[in-house]
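Here the structure comes first, spelled out in structure tokens, and everything after it is commentary.
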Number of protein chains: 2
Amino acid sequence: MNDILLRALARQPTEYTPVWLMRQAGRYLPEYNATRAKAGSFLKLAKTPALAAEVALQPLARFPLDAAILFSDILTIPDAMGLGLYFAEGEGPRFERPLRDEAAIARLAAPDPSAELRYVLDAVRETRSALGGRVPLIGFSGSPYTLACYMIQGSGSDDWRRVKEMLYARPDLLHRILEVNARAVADYLNAQVEAGAQVVMLFDTWGGSLTAAQYEEFSLSYMRKVISQVHKAPRIVFTKGGGGWLESIAASGCEAVGLDWNVDPGEARRRIGGKVALQGNLDPAVLGAPPARVREQVRNVLDAFGAAPGHVFNLGHGITPFARIDAVEALVDEVRTYSTRLRACPD
Amino acid sequence: MNDILLRALARQPTEYTPVWLMRQAGRYLPEYNATRAKAGSFLKLAKTPALAAEVALQPLARFPLDAAILFSDILTIPDAMGLGLYFAEGEGPRFERPLRDEAAIARLAAPDPSAELRYVLDAVRETRSALGGRVPLIGFSGSPYTLACYMIQGSGSDDWRRVKEMLYARPDLLHRILEVNARAVADYLNAQVEAGAQVVMLFDTWGGSLTAAQYEEFSLSYMRKVISQVHKAPRIVFTKGGGGWLESIAASGCEAVGLDWNVDPGEARRRIGGKVALQGNLDPAVLGAPPARVREQVRNVLDAFGAAPGHVFNLGHGITPFARIDAVEALVDEVRTYSTRLRACPD
């Protein structure tokens with residue numbers, strides 16, 4: 001197996017910098033759009049293990065990536081809790097039954113992954129089997145706080161007003177939701193590992209909407225709970241907008257910290273690079289540019305991280321539908337060739 | 001005159017912490033909505049100096065704030081350049097004629113504030129006169145980069161795709177726009193000061209969408225140009241999402257740095273509090289909470305900044321239409337009473 005991702009996460013020396021891309025199976029790929037059309041919708045695609053495995057492997061057929069990631073959604077857990085996940089055309093995720101009263105919050109319980117989330121575990125098994133050991137498979141979930149954001153608000157939001165209302169007026173209710181979510185995420189990630197995921201990642205997409213003190217209380221402390229219960233695979237924590245809190249994220253017990261593109265890689269390296277591996281952090285918008293520009297930006301990112309072990313190349317956020325295929329090709333190729341040179345001759 | 005804001009910006013000791021709120025004349029105030037209805041639209045309100053002065057003074061009639069801010073929009077300059085600013089109902093600002101080709105960019109020129117932006121200068125004069133010396137008047141503009149974002153994209157955006165496309169593929173064009181914008185913003189702020197503004201603020205709302213290196217190249221360097229040309233009033237720079245770059249913002253030549261709510265105030269104080277005054281940074285969402293919670297959060301912010309001179313209390317972003325009047329009352333009252341105590345007995 002190509003285990004370069006696993007070695008980089010363990011901060012062991014590697015011949016080159018491993019690379020994968022958040023949302024690498026996505027709408028920028030025509031073959032993805034074809035399979036999605038066949039499935040009928042994003043959610044049906046994610047809930048049909050054979051098709052989920054099919055799209056998870058599509059980017060690997062095009063690009064020499066060093067990892068596959070489970071094709072799924074960050075919000076499967078609240079869906080399994082009965083909140084009714086759906087996607088309105090051209091919009092983000094929504095819930096039919098967001099948490100609107102204390103009774104609903106009191107009733108909330110962690111789902112049994114082997115029952116309500118069986119389709120995800122089947123997708124993990126099918127994807128792992130289809131990979132045939134070529135590269136490691138990454139499993140994932142939304143973080144407890146990010147799940148709570150959608151569960152309370154009912155949709156994405158610029159200001160997460162309902163969530164903040166609860167946070168300020170009834171923090172006890174928010175803590176109750178987060179307790180259940182942390183339990184659920186830990187069970188879910190353990191089940192993914194059991195089913196074949198070799199790395200797990202927590203997507204804390206909305207932790208960055210909090211103050212520093214709130215981030216510790218409402219997001220990071222619950223991610224720590226998850227991490228302390230998920231032992232059997234390396235754990236990556238990614239808080240978008242969390243650049244101010246890298247030291248505490250690095251001290252959460254995870255093996256690697258994901259960085260968004262606002263973070264200066266050299267500074268991140270100095271701050272926490274000795275304690276954990278770092279993943280990131282090319283601006284996804286670069287992939288709308290011509291290949292020569294992409295290569296230039298890739299080299300900037302690689303130079304900034306430096307030649308020491310413990311870097312996993314990725315974007316600073318998910319790839320967009322506007323990414324050019326030739327730009328992605330250039331990215332993956334440049335990471336491989338330039339980082340090989342960088343590691344062979346660090347100066 | 002109540003000059004406590006000016007003294008705080010000069011980091012001189014004050015009896016209490018001055019307070020004003022970004023977008024303090026706004027839709028959370030019924031009297032604002034009444035005047036706006038009379039004007040017909042936000043833009044007509046902003047373009048009618050007598051009404052702009054009227055709404056600028058409304059929050060002062062309700063709350064003992066320590067500053068007034070010009071009622072205007074951050075995008076008046078590109079409107080004066082002929083791009084055609086408008087607001088679709090329930091949406092953010094848009095331009096009828098965004099910059100879509102090289103010819104339009106080549107034609108771009110800084111407007112003459114005393115001609116195309118005369119209505120703003122009249123509003124400054126009317127507001128200053130109506131204030132009768134009670135509190136200082138703050139003038140403002142969008143930053144060169146934030147103006148460019150809307151000028152290129154044509155509207156607000158989650159990813160500023162068109163802007164990033166230009167940044168990566170044709171940085172020369174973006175620099176040309178930013179050169180013109182920096183000239184225009186400097187002329188405009190100088191004209192505002194000439195007309196009576198006693199403090200000026202640069203709103204760099206979208207600088208935080210850049211990488212660290214791009215922020216320096218495309219946003220901060222042009223704000224430095226502006227600052228170096230605007231001498232006659234204290235200058236506040238606010239980059240939303242700029243918490244990672246506080247040291248370089250503080251070294252830009254400005255008197256004060258605005259902080260969004262993600263930044264830990266104590267840490268900001270340690271990093272740059274000895275060099276500039278700090279403004280911020282209560283989460284605007286707090287103002288949806290009951291007054292007792294607001295007071296608690298205000299005390300947290302004041303404690304975190306500490307008793308040393310050089311703090312201007314504000315929100316970490318503009319006040320929203322959902323702010324409760326009783327919450328704003330509690331905020332302003334708590335800042336005054338608690339900071340008076342804090343400064344009298346720092347321990």
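The values are calculated or read from the model by the stated rules, or taken from the named source; none is laboratory data. In this text the structure is predicted, and so the values were computed from the model without any measurement. All Cβ positions, glycine included, derive from the backbone under ideal geometry; neighbour counts span all protein chains shown.
Can you confirm whether A:G243 is modelled with pLDDT under 95 and over 15 Å from the mean Cα position of the chain (by Cα)? Criteria not met by A:G243. Which one is surrounded by the fewest Cβ atoms within 10 Å (Cβ to Cβ) among residues in the stretch B:99-112 that are farther than 20 Å from B:K44 by Cβ and within 23 Å of the chain's Cα centre (by Cα)? Per the stated criteria, the residue is B:D112.
Taking the listed residues A:M223, A:M151, the one that is out of contact with any Ser or Thr (no Cβ under 9 Å at 6 or more places or on another chain), within 24 Å of A:R94 (Cα to Cα) and surrounded by 24 or more Cβ atoms within 10 Å (Cβ to Cβ) is A:M151, with no other qualifying.
For the stretch B:173-214, residues that are within 13 Å of chain A (Cβ to nearest Cβ), more than 30 Å from B:D66 (Cβ to Cβ) and of a type outside the set (G, A, S) total 4. Each residue in the stretch A:68-98 was checked for being surrounded by fewer than 18 Cβ atoms within 10 Å (Cβ to Cβ) and in contact (Cβ under 8 Å) with a residue 40 or more places away in the chain, and 5 of them qualify. Looking only at residues in the stretch B:256-275 that are over 20 Å from B:T205 (Cβ atoms) and buried (at least 23 other Cβ atoms within 10 Å of the Cβ), the one that is farthest from the other protein chains (Cβ to nearest Cβ) is B:G273. Checking every residue in the stretch B:141-155 against the condition of being farther than 25 Å from B:K240 by Cα, part of a loop (DSSP other than H, G, I, E, B) and of a type outside the set (S, T, N, Q) gives zero matches. Scanning the stretch A:306-343 for residues that are among the polar types (S, T, N, Q) and farther than 18 Å from A:D260 by Cα yields A:T337, A:S339, A:T340. When restricted to residues that are under 18 Å from B:L167 (Cα atoms) and touching a residue at least 12 places away in the same chain (Cβ under 8 Å), the stretch B:218-229 contains 5. Checked against the criterion of being surrounded by fewer than 19 Cβ atoms within 10 Å (Cβ to Cβ) and either among the small types (G, A, S) or at the interface with chain B (Cβ under 10 Å from one of its Cβ atoms) (or both), the stretch A:325-336 has no qualifying residue. Comparison of B:I105, B:I138, B:I152 shows that the only residue that is more than 30 Å from A:P321 (Cβ to Cβ) and in contact with a Leu (Cβ under 7 Å, 6 or more places away or on another chain) is B:I138. Within the stretch B:282-317, the set of residues being assigned to a loop (DSSP other than H, G, I, E, B), small (G, A, S) and at the interface with chain A (Cβ under 9 Å from one of its Cβ atoms) comprises B:A289, B:G316. When A:K275 is tested against (1) basic (K, R); (2) part of a loop (DSSP other than H, G, I, E, B); (3) farther than 19 Å from A:L9 by Cα, exactly one condition is not met: (3). Applying a threshold of 6 Å to beta carbon distances and a minimum spacing of six or more residues, or different chains, the list of pairs starting in the stretch A:253-264 at a residue that is over 14 Å from A:P284 (Cβ atoms) and ending at one that is in a loop (DSSP other than H, G, I, E, B) and not hydroxyl-bearing (S, T, Y) reads A:E255/A:P234; A:A256/A:V276; A:V257/A:V276. Only a single criterion out of (1) crowded, with 21+ Cβ neighbours inside 10 Å; (2) farther than 19 Å from B:A8 by Cβ is not satisfied by B:S248, namely (1). Whether a residue is in a loop (DSSP other than H, G, I, E, B), away from chain B (no Cβ under 14 Å) and surrounded by fewer than 20 Cβ atoms within 10 Å (Cβ to Cβ) was assessed, and A:P321 does not pass this test. Looking only at the stretch B:126-144, residues that are under 20 Å from B:P113 (Cα atoms) and either within 14 Å of another protein chain (Cβ to nearest Cβ) or among the aliphatic types (A, V, I, L, M) (or both) come to 2 in all. So for the stretch A:157-170 (the condition being small (G, A, S) and either in contact (Cβ under 8 Å) with a residue 12 or more places away in the chain or touching a strand residue (DSSP E or B) at 6+ places or on another chain (Cβ under 6 Å) (or both)), does at least one residue qualify? Looking through the stretch A:157-170, none of the residues is small (G, A, S) and either in contact (Cβ under 8 Å) with a residue 12 or more places away in the chain or touching a strand residue (DSSP E or B) at 6+ places or on another chain (Cβ under 6 Å) (or both).
Is it the case that the stretch B:30-52 has a residue that's of a type in the set (A, V, I, L, M) and within 23 Å of B:A182 (Cα to Cα)? Taking every residue of the stretch B:30-52 in turn, at least one turns out to be of a type in the set (A, V, I, L, M) and within 23 Å of B:A182 (Cα to Cα). Answer yes or no as to whether B:K232 is closer than 28 Å to A:D260 by Cα, touching a residue at least 40 places away in the same chain (Cβ under 8 Å) and among the basic types (K, R). For B:K232, the condition - closer than 28 Å to A:D260 by Cα, touching a residue at least 40 places away in the same chain (Cβ under 8 Å) and among the basic types (K, R) - is not met.
Please verify whether the stretch B:221-237 includes one or more residues that are under 22 Å from A:S209 (Cβ atoms) and either in contact with a strand residue (DSSP E or B) (Cβ under 9 Å, 6 or more places away or on another chain) or away from chain A (no Cβ under 11 Å) (or both). The answer is no; no qualifying residue exists. Counting only helices (runs of 4 or more DSSP H) that sit completely within the stretch A:1-77, those holding 1 or more residues that are touching a Leu at 6+ places or on another chain (Cβ under 7 Å) and either modelled with pLDDT under 95 or of a type outside the set (F, W, Y) (or both) correspond to A:30-39, A:42-47, A:49-62. Checking A:V180, A:V185 one by one, the residue that is in contact (Cβ under 8 Å) with a residue 60 or more places away in the chain, out of contact with any helix residue (DSSP H, G or I) (no Cβ under 7 Å at 6 or more places or on another chain) and within 24 Å of A:S72 (Cα to Cα) is A:V180 and no other. Among the residues of the stretch B:84-102, not one is part of a helix (DSSP H, G or I) and in contact with a helix residue (DSSP H, G or I) (Cβ under 6 Å, 6 or more places away or on another chain). Annotation: A:Q153 fulfils all but one of (1) in contact (Cβ under 8 Å) with a residue 40 or more places away in the chain; (2) in contact with a strand residue (DSSP E or B) (Cβ under 9 Å, 6 or more places away or on another chain); (3) away from chain B (no Cβ under 13 Å); the unmet one is (3).
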